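To keep things clear, I will list the structure first and then write my remarks on it.
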Amino acid sequence: MDATTSPGLSERWAGIGAAGEVGLLAVQLWMVELPFTRPVATSRSTHRRRPLVLVRVIGNHGREPVEGWGECAALADTTYDTEDARRSFALLRHALVPGLIDLAPRAGRRVPRPSELGGIRRAAPDATLAFAALEMAVADLHLRVSGQSLAGFLGVAGRSVPVGAVLGRAESTEALVAEVAALVAQGIARVKLKVGPGWDLEPVAAVRGAFPDLAIQADANGAYRPTDADHLVGLDRFGLLCIEQPLDPTDLEGHARLAGRMATPVCLDESLDSPRSVRQALAMGACSVVCIKPARLGGLGAALEVVETCSAEGVPLWMGGMYESGYARGVNATFAALPGFAWPGDLQPSRTYLDADLVPPPALRRDGTDGALTVEVPDGPGLGPPPDLDRLEAYEITRCWLEVPRG
Ligand code: MG
């Protein structure tokens, strides 16, 4: 993949919905819980199920019924974000969707374009993840109406992108090396090792020793303190792609000082919650690599803005993951096919962490002379195949229906 600039992504995004007027009829919100294949431990608790909030915007285009789907990235708790799934559901129900419905009468009851949602976003500035889900649904609806796929719209239709894997703490370094070996045998082109105090130099050394040429990065999820700098410099000898979020998300100055000391590029993830925060972090030298998570950045439009900024400045990007269903993960794969995405992202198919999914699994291929595992970007109108209603009902926790008042 090259790192050429992608002029016009934001302008293209602003054009979504220009093809025709779509009447807004109602919005349905779903909360479901999908089972994890194995428990996921965070610093607060252990999760066996992945709650997911989904937004379904329903409208009509002429006489044709149309709909669009969005998926919220919020998790079961607030370990990574200030919104958990329940809060996102409440924000959508009581603030964002009423805002969309309020907007509709003034706009002749049409579904606004994604680029017209700024007022709703500003009215709920703390609803980053919930807003991203609403924006996804609106974009999906308009793309479906125009018969376009997101991939086609972004100029990446038919592409496949390499798949990277994430490995948490293992029982031993031997067990970790065995896990990496199994992934490498599948064609995984990059591994990301979760690290933290007590689990860093030794496991990284073991994986590097066993796989001298493998692309490896480390993710600390903010677990270190600035006083750990001497220790972290010890990672430099392993030739990592980057160290991700070593310090507290709010400590950009600390990251800038650490980046000045380490040969390993510093990447930020949790610190980056808007295009503005990305520009600020880059200007301060707090990172030289950016992890893209569209929801955390404030949605697909915001993420495209960040892709443009980073491409223009030659800053390598890669795609992160949030234990999405296959629906949102397909959107992430589409973005990862854009120029500027330098390394394989966290794009393992959702069936590697979820026992049940909402959409059919993506097509996987072994590509090129090195046999790297790649995933095809979704095709067809909209963001990808829509969530299956029977599946939603099977895993439903709650749902609600918000209708546009008539008359
Ligand atoms: Mg991360």
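The values are calculated or read from the model by the stated rules, or taken from the named source; none is laboratory data. A quick note: this is a predicted structure, and the numbers were derived from the prediction, not measured. A quick note on method: Cβ atoms are made from the backbone with ideal geometry, for glycine too, and the neighbour counts reach across all protein chains shown. All accessible areas refer to the heavy atoms of the entire protein, side chains included, with ligands and DNA or RNA removed. Shrake-Rupley method; radii C 1.70, N 1.55, O 1.52, S 1.80 Å.
So here's what we get for this one:
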item	result
The listed residue being more than 11 Å from the chain's Cα centre (by Cα) and not in a helix (DSSP H, G or I), out of Ala283, Ala302, Ala356, Ala312	Ala356
Failed condition for Ala372, given (1) of a type in the set (A, V, I, L, M); (2) under 11 Å from the mean Cα position of the chain (by Cα); (3) more than 21 Å from Cys72 (Cβ to Cβ)	(2)
Conditions (1) farther than 24 Å from His142 by Cα; (2) surrounded by 16 or more Cβ atoms within 10 Å (Cβ to Cβ); (3) in contact with an Asp or Glu (Cβ under 8 Å, 6 or more places away or on another chain); number of the one not met by Ala363	(2)
Every residue from region 176-208 that is farther than 25 Å from Tyr80 by Cβ and without any contact (Cβ under 8 Å) to a residue 24 or more places away in the chain	Ala178, Ala182, Ala185
All positions within region 169-180 that are within 16 Å of the ligand (Cβ to nearest atom) and either under 16 Å from Thr352 (Cβ atoms) or of a type in the set (A, V, I, L, M, F, W, C) (or both)	none
Test: residue in region 240-262 that is among the acidic types (Asp, Glu), over 24 Å from Ala165 (Cβ atoms), surrounded by 20 or more Cβ atoms within 10 Å (Cβ to Cβ) and not assigned by TED's automatic domain parsing to the domain that holds Ala73	no
Selected residue [away from the ligand (no atom under 14 Å from the Cβ), touching a strand residue (DSSP E or B) at 6+ places or on another chain (Cβ under 7 Å), touching a residue at least 40 places away in the same chain (Cβ under 8 Å) and open to solvent by less than 20 Å² (accessible area, probe 1.4 Å)] from Ala303, Ala333	Ala333
Helices (runs of 4 or more DSSP H) fully within region 197-264 counting 3 or more residues that are over 28 Å from the mean Cα position of the chain (by Cα) and away from the ligand (no atom under 16 Å from the Cβ)	201-210, 229-233
Positions within region 36-53 being open to solvent by 80 Å² or more (accessible area, probe 1.4 Å) and outside any strand (DSSP E or B), in sequence order	Ser43, Arg44
Only listed residue being within 30 Å of Asp248 (Cα to Cα) and either of a type outside the set (A, V, I, L, M) or not in a helix (DSSP H, G or I) (or both), chosen from Arg93, Arg87, Arg144	Arg87
Qualifying position, being in contact with a helix residue (DSSP H, G or I) (Cβ under 6 Å, 6 or more places away or on another chain), open to solvent by less than 50 Å² (accessible area, probe 1.4 Å) and more than 16 Å from the ligand (Cβ to nearest atom), among Leu150, Leu183	Leu150
Number of the exception - Val166 against (1) touching a residue at least 24 places away in the same chain (Cβ under 8 Å); (2) over 22 Å from Ser350 (Cβ atoms); (3) within 16 Å of the ligand (Cβ to nearest atom); (4) open to solvent by 30 Å² or more (accessible area, probe 1.4 Å)	(2)
Candidate set from region 265-280 (those that are within 16 Å of the ligand (Cβ to nearest atom), of a type outside the set (D, E, K, R) and surrounded by fewer than 21 Cβ atoms within 10 Å (Cβ to Cβ)); member that is nearest to Gly345 (Cα to Cα)	Pro265
Criterion violated by Val156 - all others in (1) farther than 21 Å from Ala14 by Cα; (2) within 21 Å of the chain's Cα centre (by Cα); (3) open to solvent by less than 20 Å² (accessible area, probe 1.4 Å); (4) β-branched (Val, Ile, Thr) satisfied	(1)
Qualifying positions in region 199-226 - more than 16 Å from Ala175 (Cβ to Cβ) and small (Gly, Ala, Ser)	Ala215, Ala218, Ala220, Gly222, Ala223
Gly68 vs. criteria in contact with a strand residue (DSSP E or B) (Cβ under 9 Å, 6 or more places away or on another chain), small (Gly, Ala, Ser), in a strand (DSSP E or B) and not assigned by TED's automatic domain parsing to the domain that holds Ala303	yes
Residue check for Ser277: at pLDDT 95 or above and part of a helix (DSSP H, G or I)	yes
Count - residues of region 121-146 that are modelled with pLDDT of 95 or more and within 17 Å of Ala95 (Cα to Cα)	12
Answer from Thr46, Thr42, Thr79 - the residue that is without any contact (Cβ under 8 Å) to a residue 40 or more places away in the chain and touching a Lys or Arg at 6+ places or on another chain (Cβ under 7 Å)	Thr79
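The rows are residues; the columns are (1) in contact with a Phe, Trp or Tyr (Cβ under 8 Å, 6 or more places away or on another chain); (2) closer than 18 Å to Ala165 by Cβ.
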| site | (1), (2) |
| --- | --- |
| Leu300 | yes, no |
| Arg329 | no, yes |
| Thr334 | no, no |
| Pro387 | yes, no |
